[in-house]
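The values are calculated or read from the model by the stated rules, or taken from the named source; none is laboratory data. Not measured: the values here are computed from a predicted model. Cβ coordinates were reconstructed from backbone atoms using ideal geometry, including for glycine residues, and neighbour counts include every protein chain displayed.
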Amino acid sequence: MNPTMLYAVLVVAIVFEVLGTSAMQAAQHFTRLVPTATMVICYAVAFFFLSYTLRYIPVGIAYAVWSGLGIVLISFVGYFAFGQKLDLAAMLGLGLIIAGVVVLNVFSKSTFH
């Protein structure tokens with residue numbers, strides 16, 4: 001499979017992980033049925049697509065991209081959807097995470113089997 005398609009699959013996994021985490025916030029400790037069910041479904045889809053990418057991308061690299069971009073995206077969801085604030089230090093840290101993912105994928109020769 002070509003690298004562009006693999007990263008597209010990984011992005012789909014990340015998007016569903018972010019949706020699942022957002023639903024977890026809305027589930028209010030699993031007391032609301034629809035957000036809880038949405039969370040379970042989104043996480044199942046996310047892990048399915050993540051597991052597919054692990055056929056070709058080493059687990060450390062895939063998980064670094066998964067967690068790094070997931071952290072950044074869920075931080076933005078928290079800010080825009082849930083009114084959670086990001087201070088300068090948080091934004092700087094998120095920028096460093098993005099930089100780390102870019103460096104990993106642009107300069108590392110470890111990204112594919």
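Taking the conditions (1) of a type in the set (A, V, I, L, M, F, W, C); (2) surrounded by 15 or more Cβ atoms within 10 Å (Cβ to Cβ); (3) under 23 Å from Phe107 (Cα atoms) in turn, Leu19 satisfies each one other than (3). Residues considered: Ala37, Ala81, Ala26, Ala89. Of these, the only one that is over 29 Å from Asn2 (Cβ atoms), surrounded by fewer than 16 Cβ atoms within 10 Å (Cβ to Cβ) and in contact with a Lys or Arg (Cβ under 8 Å, 6 or more places away or on another chain) is Ala26.
In the set (1) over 25 Å from Gly93 (Cα atoms); (2) at pLDDT 95 or above, the condition left unmet by Tyr56 is number (2).
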